[in-house]
Amino acid sequence: MTNKTNILIVYTGGTIGMVKDYKTNALKAFDFIQIVEKIPELKQLDCSIDSISFEELIDSSNMNTEYYVQIAELIEVNYEKYDGFVVLTGSDTMSYISSAISFMFENLQKPIIFTGSQLPIGDLRTDAKENLITTIEIAAAKINGRPAVSEVCLYFEYKLYRANRTTKVNAEQFEAFTSLNYPPLAESGVHLNFNEHLIHHQKNPKEKLIIRKKLDTNIVVLKLFPGITETVVAHILSIKNLKGVILETYGAGNAPTKKWFLDLVADTIQKGIHIVNVTQCAGGSVVMGHYETSLALKEIGVINGKDITTESAIAKLMYLLAENLEASTFKMFFESSLRGEIS
């Protein structure tokens, strides 16, 4: 007789948890305590499933760092009782949320897998059931006696991704997410296949779990576009209490070489504000100094975001800012891979 794997579902809100009231035709929240009753296919999985929901369900558009901490704390207090965690959120901000959770959990040795759906769980053609069933199966899976995955992931439409590598790319198709700079960790078809060589596992299982709950939100994303004015850039970089900037540049990290632009960036860095160079492209990497139009940024101390996503860069910036690091140390940590977020 085998010991069943214990899985906890954490429902925060979002489309996946909606069912239709056929009398009023309105959507209402699904009670995940009834999950096995409503989705009997789950009985075929050799695991025990419990659920917990936010008291006030949060639409993905209203997500913020206070709710990130709530998710982390729900997992923290249940960490020893369960073998894996499935977190359900709205898909619109799922890449932001799951990226942040990946940085908040250090020395993680159990799976935390985010999923959701494009259609409510009560809809006739819903993608919710497949996403949920397979996510639970992955969270419960073991390879050679240890969890098949032990990092923060995102599962959607037959693919398991490293969460901090993902971006939502489609508002209408079931294939809503992609990870252009890192392959899927697992793929679901006739068989559930894990790409074991791509999955990160803690080298020392005795390392204690550390949860970082402080996130500094004094940041801004500055997306460059042809014709952006000095007035706009100056106003953004002079925001009160600003501590960090995600600078979305062109191609491989290129930006205008106008004196006014470079002077504003240099002056901002001199004030102790960290500026990170992230490409606007969905895939590929910043290569500082590859073109003359990025060489100047490198020389004035802009941080190289390499192939990090904007969603992950925001999460990493919030996390590192809260650590109150000296500038050179901050730059070193940001340019290093902490949770597999950069190549």
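Relative contact order for the chain: what percent, with Cα pairs under 8 Å and sequence separation of 6 or more?
In percent, rounded to a whole number, it is 15.
Could you give the angle, 0 to 90 degrees to the nearest 10, between helix 65-78's Cα long axis and the longest principal axis of the Cα atoms of the chain?
Roughly 40 degrees between the two axes.
Among bridges DSSP assigns within region 5-211, what percent are antiparallel (round to 5)?
Here the share of antiparallel DSSP bridges comes out near 50 percent.
I need the calculated FRET efficiency for the pair ASP46 and ILE239, taking r as the beta carbon distance and R₀ as 45 Å, to the nearest 0.05.
Once rounded, the FRET efficiency stands at 0.30.
What ranking of SER117, SER343, SER188 emerges when the number of other C-beta atoms within 10 Å of each C-beta is taken as an exposure proxy, fewest first?
In order of increasing Cβ crowding within 10 Å: SER343, SER188, SER117.
Under 8 Å for C-alpha pairs, at least 6 residues apart: give me the relative contact order for region 82-232, rounded to a whole percent.
24
Cut-off is 10 Å between beta-carbons; in what order do ASP216, ASP127, ASP263 appear when sorted fewest neighbours first?
Working: ASP216 17, ASP127 24, ASP263 13.
Fewest-to-most Cβ neighbours within 10 Å comes out as ASP263, ASP216, ASP127.
Relative to the present Cα-Cα distance, how much length would full extension add between LYS213 and SER61 at 0.36 nm per residue of separation?
Full-extension gain reported as 52.6 nm.
May I ask which of LYS206/LYS243; LYS168/LYS203; LYS214/LYS271 have a Cα-Cα span longer than 25 Å here?
With Cα atoms farther than 25 Å apart: LYS206/LYS243; LYS168/LYS203.
Could you give the distance between the Cα centres of region 231-307 and region 166-212, to the whole Å?
So the two Cα centres are separated by 29 Å.
Readers should treat all values here as calculations from the given coordinates under stated rules, not as data from a laboratory. None of the values given here were measured: they were computed from a predicted structure. Note that we place each Cβ from the backbone using ideal geometry, even for glycine, and neighbour counts take in every protein chain shown.
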